[in-house]
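Right, one structure below, let's go through it.
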Amino acid sequence: MALTGLQIFKLLPQTNCKDCGYPTCLAFAMKLAAKQVALDLCPHASDEAKSALGEASAPPIRKIVVGRNEQRLELGEEVVLYRHEKTFYHPTALALGVRDDLAEAEFEQAVRTITAASYDRAGETISTNMIALLDRSGDGARYAARARQAAELSTLPLALVSDDPARVSAAARAAGDHAGMIHAATPESLAAFAPVAREHKLPLVLKADDLEALAALAETAQGMGLEDLLLDPGYPGQAEALRRHTLIRRAALERKAKGFGYPSVLAVPEGSGPLAGALAASLGVAKYAAVTLIPEWHPSLFLPLLTLRQNIYTDPQKPLQVEAGIYSVGEPNENSPVYVTTNFSLTYFMLSTEIDGSGQPGWMVVVDAEGMSVLTAWSAGKFGGAQVGKFVAGSGIADKVAHRKVIIPGYVAVIQGEMEDALPGWEVLVGPQEAADVPAYVKDVWLPAVGSGV
């Protein structure tokens, strides 16, 4: 029987330490009772409490761990339909396909390309995180050899994609700790795949033609002692795939349907082509898939998909931000321009990139605006003239430059007068609205008026 919030509250430490992210233990208990959070958010819960809470503390979507090495992934354990309700916890894993029947050099190059797909964006490193080894040769020895080779070339976990349990078992043995999950068992093959999943302790993806059959298959797998499951509802088309993945999430969160209480997988159909394949993959990232399996890919897909994933899985309650303060771009001197902006990460990195590209080193005074962009911060009263002026005055930038000129974003030209009142002796210059126009501004406005001083 489900416990009430008050019953759960009595089992918690009742210290209101806020380490779980909620203001009180009672608020956290209410979220636990609604299955909107997991008990492990409370670092102080006793073993007795964990045992007593049992199923009441279990998230509606089971957490699945893929891989056993340092690159292992956590999937599932989501508690909301919409990100703004709280946040999404575990970003979609992008599993890029490599066929086992490729020539030696081609296979190695594909594995290395997937592994090396990593980019720095807005202060974070975004990268691909799984290799899908596609069984296309039909040769068990070759498939196992390719699994071993992939494990030697990459630290990424392997999704073993095959309809043959014996070949999967041999490949899992060859890959060792790099083996991540098995894709996929159908109603016809579950009995054969179940012992393989148990032997190698690997999560098993279940696949069926409709949601009713998929839920029934999951309950059958549960009855066979399998706990680490993922659900692949197929891809009959973009609209129907969207409907199915949404219904799986809704059934798990709102109806607590056990047959749907697992992470879902979207496998892009082979032969989709670059555009349709990218569209299908983006659906998986945007709408609830814990794993998006992309059998055919081009490196040009990596950055757009990874950027989409980063944007969706950023905690809306904790905007990406850098620390407020003074930053140097290049090797600025006492005559270099001074730019003022907010501490929203994307704004910071866009502006610093354009300053660097201008050929004129500069100083950045980054104001604490709670991670908001310039216009948002101004609208919210976090980037007003008096506030910004006071921050600049206390930042110490006056000790680094000989001039007394500061450049503000063109979108907030309205704060110029108020800022000058708060900064006696300083001239506030209105810069370009877009960061991309900084190089032209430096060339056409700053240098003619001030000179480089170099």
Work out the FRET efficiency for residue 72 and residue 270 from their Cβ-Cβ distance, taking R0 = 30 Å, and round it to the nearest 0.05. 0.65
Taking the DSSP beta bridges in the chain as the whole, what percent of them are antiparallel, to the nearest 5? 25 percent
Classify the stretch 39-98: rounded, prolate or oblate, from the alpha-carbon gyration tensor (a ≥ b ≥ c, eigenvalue square roots; a/c under 1.5 rounded; otherwise prolate if a/b is larger than b/c)? oblate
FRET efficiency, 1/(1 + (r/R0)^6) with R0 51 Å, evaluated for residue 192 and residue 124 via beta carbons: 0.75
Using per-residue counts of other Cβ atoms within 10 Å, averaged over each peptide, order 435-448, 93-106 from highest down. 93-106, 435-448
Within-10-Å neighbourhood charge of residue 167 [Cβ basis; K, R +1; D, E -1]: -4
Suppose the chain between residue 380 and residue 17 were pulled fully straight at 0.36 nm per residue; how much longer would it get relative to their current alpha carbon spacing? 127.8 nm
Residue 298 and residue 437 label points (each 7 Å along its Cα→Cβ direction) are spaced in nm at 3.4 nm
Would you mind calculating the relative contact order of the stretch 325-450 from Cα pairs under 8 angstrom and at least 6 residues apart, reporting the percent as a whole number? 29 percent
Suppose we keep just the DSSP beta bridges with both residues in the stretch 325-450; what percent of those would be antiparallel, to 5? 35 percent
To test your reading of the geometry: what angle, between 0 and 90 degrees and rounded to tens, separates the Cα axis of helix 345-357 from the longest principal axis of the chain? 60 degrees
Strictly over 31 Å apart at the Cα level, which of 207/318; 10/258; 50/86; 18/63 would you flag in this model? 207/318
Counting DSSP beta bridges with both ends in the stretch 93-203, the antiparallel % (nearest 5): 25 percent
Taking neighbour counts of Cβ atoms within 10 Å as a proxy for exposure, in what order, fewest first, do 181, 130 appear? 130, 181
Between residue 258 and residue 370, what length comes free when the chain is fully extended (0.36 nm per residue of separation minus the Cα-Cα distance, one decimal in nm)? 36.3 nm
Tensor-based shape of the stretch 64-312 (alpha-carbon gyration tensor, a/c under 1.5 rounded, otherwise prolate or oblate): oblate
The summed charge of the residue 148 Cβ neighbourhood (under 15 Å; Lys/Arg +1, Asp/Glu -1) stands at -3
Which shape class applies to the stretch 5-57: rounded if a/c is under 1.5, otherwise prolate when a/b exceeds b/c and oblate if not, where a ≥ b ≥ c are the square roots of the Cα gyration tensor eigenvalues? rounded
Grab the other residues whose beta carbon is less than 14 angstrom from that of residue 115, score K and R as +1, D and E as -1, and report the net. -2
Calculating Rg and Dmax of the Cα atoms in Å from this structure picks out, from [x] 28.7, 87; [y] 26.7, 80; [z] 34.2, 105, entry [y]
Between residue 403 and residue 353, the FRET efficiency computed from the C-beta separation at R0 = 22 Å comes out, to the nearest 0.05, as 0.40
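Every number in this text was worked out from the coordinates using simple rules, so none of it is lab data. Note that the structure is a prediction, hence the values are computed from the model and not measured. So basically every Cβ, Gly included, is an ideal-geometry build from the backbone, and we count neighbours across all protein chains shown.
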